[in-house]
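Following: one structure in structure tokens, then a few remarks.
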Amino acid sequence: MSEKPSTESQPNNPLHGIRLDHILEHLVEFYGWKELGERITIRCFTHNPSINSSLKFLRQTPWARERVEGLYLKSLRDAKKE
């Protein structure tokens, strides 16, 4: 039986404890679906986008999830600059 990693075990992981649905909702609020689809060109962002369809795709597609997480971190840095 494995235990979930505690916050102490990932002190340098800025995404630790942040759920994928929160990340996606933040990006949609920050950029909107149109710009999000331009920044990360995947069908779930460009054709009839929704949070649920995007979450399903991102949970099954590691490369896309990595790009979304990277854009999330960038958006946080950009927000601090403003």
Task: Given (1) 0.93; (2) 1.23; (3) 1.01, the label whose value is Rg/Rh (Cα atoms, Kirkwood Rh) derived from this model - done: (3)
TODO: List 47, 26 from most exposed to least, where exposure is judged by having the fewest other Cβ atoms within 10 Å.
DONE: 47, 26
Open item on the list: Could you derive backbone 3J(HN,Hα) for segment 53-69 from the dihedral phi with the Karplus parameters 6.51, -1.76 and 1.60 (θ = phi - 60°), listing whole Hz in sequence and x where the residue is Gly or Pro?
Closed with: 5, 5, 4, 4, 5, 5, 5, 9, 10, x, 5, 5, 4, 4, 5, 5, 5
Task: Loop-resident sites, segment 37-82, for trypsin sites (Lys or Arg not before Pro), counting at most 14 other Cβ within 10 Å (DSSP) - done: none
TODO: Would you work out which of 50, 60, 37 lies farthest towards the positive end of the dipole of segment 18-81? Charges go on Cβ: Lys and Arg +1, Asp and Glu -1.
DONE: 60
Task: Computed label-point distance, nm, for sites residue 52 and residue 73 using a 7 Å Cα→Cβ extension - done: 3.2 nm
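No lab work stands behind these numbers, since they all come straight from the coordinates. As the structure is a prediction and not an experimental result, all values here were calculated from the model. Positions of Cβ are generated from backbone atoms using ideal geometry, with glycine treated the same way; all protein chains shown enter the neighbour counts.
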